[in-house]
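Written out below as C-alpha cells is the structure these notes cover.
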Amino acid sequence: MNKWLSLTVIGADMVEVDVHAATCLAMGELALPCIESVPGLEAYAIDRALNGHGTAGFDALCEAGAVGGDHDAAV
C-alpha cells in the first residue's frame, strides 16, 4: 500500500512536474527525497493519517506566494 494519498509537485516546466509527480507518487517513502534531488522542484504530500509533508523549500514557496496558478500539478 502506498504511503501517500496525494502528492503535489511544483516547478516551472509542466511536463517535468507531471512526470515527477506520477513517478514519485508510486515510489512511496522515496518520493520526497527524489523530488528534493531535482533542482527547481518542490513537493507536498499527504499521508494516510492525513499529515502533510513538504520538501525543504516548499514552505518558502508558500510564504512567497509562488504556489498556485499554472505551475502546479497534482496526482
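Any chance segment 54-65 includes a residue that's touching a residue at least 12 places away in the same chain (Cβ under 8 Å) and in a strand (DSSP E or B)? The answer is yes; a qualifying residue exists.
Counting the residues of segment 14-25 that are more than 16 Å from His53 (Cα to Cα) and touching a residue at least 12 places away in the same chain (Cβ under 8 Å) gives 6. Restricting to segment 10-47, and then to whatever is crowded, with 21+ Cβ neighbours inside 10 Å and assigned to a loop (DSSP other than H, G, I, E, B), can you tell me which residue is farthest from the chain's Cα centre (by Cα)? Going through the qualifying residues, I end up with Gly11.
Of the residues screened, Gly52 is not one that is under 12 Å from the mean Cα position of the chain (by Cα), at positive phi and not β-branched (Val, Ile, Thr). Taking each residue of segment 29-47 that is free of Cβ contacts under 8 Å to residues at least 40 places away in the same chain and looking for partners that are of a type in the set (Lys, Arg) and assigned to a loop (DSSP other than H, G, I, E, B) with beta-carbon atoms closer than 9 Å, six or more apart or interchain, yields Glu29/Lys3; Ala31/Lys3. Would it be correct to say that Leu61 is of a type in the set (A, V, I, L, M) and either at pLDDT 95 or above or surrounded by 21 or more Cβ atoms within 10 Å (Cβ to Cβ) (or both)? No: the conditions fail for Leu61.
The values are calculated or read from the model by the stated rules, or taken from the named source; none is laboratory data. Quick caveat: nothing in here was measured; it's all calculated off a predicted structure. A quick note on method: Cβ atoms are made from the backbone with ideal geometry, for glycine too, and the neighbour counts reach across all protein chains shown.
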